[in-house]
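One structure below.
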Amino acid sequence: MQQHMPAKAIPFIDIVEQRRRLGKRIDDAVARVLTHCQFINGPEVARLEADLATFSGAKHVVACASGTDALLMVLLAKNVGPGDAVICPTFTFCATGEVVALLGATPVFVDVDETTFNIDVDSLKSGIAVAKTQGLRPRAIIPVDLFGQPADHDAIAAVAATEGMFVLDDAAQGFGATYKGKRLGTFGLATATSFFPAKPLGCYGDGGAIFTDDDELADTLRSVRVHGQGSDRYDNVRLGLTGRLDTIQAAILIEKLEVFPDEIAARDTAARRYNEALGDVAIVPRVAADCTSVWAQYTIRLPDGGREALASALKAQGIPTAIYYPKSLHQQTAYRSFPIAAAGLAVSERLSREVISLPMHAYLDELTQERIIEAVRAVLAN
């Protein structure tokens with residue numbers, strides 16, 4: 001009797017294949033750190049910061065311990081605190097609003113654009129008005145470059161300039177993407193990104209970086225990164241945190257950054273294949289004009305329902321899926337008490353019911369992707 005073996009499981013993000021490609025280079029880079037033993041602030045950290053500045057076009061890069069720390073450090077450096085309002089999209093990972101609340105400031109949640117999933121400018125203006133009516137000082141806007149696609153940075157900058165606010169771009173998912181021909185890292189007062197292993201540019205632990213063209217802010221961030229240290233090691237001149245990126249992670253990222261452009265191109269190729277094959281059975285993602293995406297996620301929408309059935313059917317065939325995000329921030333227990341835009345957050349709530357993400361990474365070969373596409377179509381085309 002012939003037995004059918006279960007199909008080989010497909011990784012949602014294939015870090016293993018990238019490890020095979022870079023194996024000896026990564027091993028040698030880590031070995032160099034193990035030899036010189038400068039595990040904190042070793043030479044690789046400064047080298048990485050310089051490489052990231054060259055890649056992004058930013059004047060200054062301050063490496064740090066995580067994407068969350070990157071956001072927090074900028075807000076600390078700008079003395080954001082009680083009485084201040086910071087405008088955030090609600091359809092995002094919790095860190096965007098979390099860092100605001102941790103400092104005693106008030107996150108004000110606004111809606112997103114239905115096509116790009118990024119901050120909606122009309123809702124942004126409404127959120128600022130709500131903040132004012134509640135006696136808060138609108139201080140900052142944190143747009144998120146969600147799923148790898150840049151927000152509308154020119155429109156956001158115009159609102160910020162009118163209101164006297166600064167912009168902190170959350171590019172945790174979007175680093176490497178371009179907006180009107182410029183890479184993220186050069187918009188707003190500062191840009192924060194994450195090097196969490198699952199990100200398009202990820203290390204082998206936690207890591208992050210801040211990008212800015214502001215000399216004074218860069219100096220302050222370097223102090224904040226080491227407990228608010230001044231010129232005297234034991235004279236802390238401001239509040240700070242332990243926000244350093246360790247040398248081993250920097251060494252790994254130096255090697256990964258060299259192949260990052262190739263990986264971005266491979267992700268874009270995979271996204272195009274998905275779009276061409278699934279556009280008639282689901283709402284597929286669209287990149288705004290004059291933008292590129294790094295495709296941190298490939299997320300489709302199922303407005304007629306069936307998300308759970310699709311996930312279950314794919315799981316049975318060894319194909320993973322994920323939902324980013326089943327609840328927007330204003331729907332989560334810790335954030336329900338914070339203000340929202342006056343017109344509500346209907347788009348975000350609808351997206352939370354409809355979205356589902358498929359496997360996406362730079363090493364997704366065509367045969368594997370065809371298997372995913374056929375499985376998706378078998379469920380959705382019926």
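Some observations on this one:
- With the helix formula -39500 (n - 2.57) applied to DSSP H stretches of n ≥ 4, the chain reaches a computed 222 nm mean residue ellipticity of -13000 deg cm²/dmol.
- Overall form of region 1-155 per C-alpha gyration tensor (a/c, 1.5; a/b vs b/c): oblate
- Counting neighbouring Cβ atoms within 10 Å and putting the fewest first, the residues Glu276, Glu255, Glu49 line up as Glu276, Glu255, Glu49.
- Counted residue by residue at 0.36 nm each, then reduced by the alpha carbon distance between them, the extension gain from Ile15 to Ile323 reaches 108.9 nm.
- Per residue, the convex hull volume that the Cα atoms of the chain enclose (Å³): 150 Å³
- Region 261-380 gives an Rg/Rh value of 1.01, both radii derived from C-alpha positions and Rh following Kirkwood.
- Partners for Lys59 among lysines (Cα-Cα distance below 29 Å; same-chain residues under 8 apart left out): Lys78, Lys180, Lys182, Lys199, Lys256
Only the coordinates and a few stated rules stand behind these numbers; no lab work does. Every value quoted in this text rests on a predicted model; they were computed, and no experiment measured them. A quick note on method: Cβ atoms are made from the backbone with ideal geometry, for glycine too, and the neighbour counts reach across all protein chains shown.
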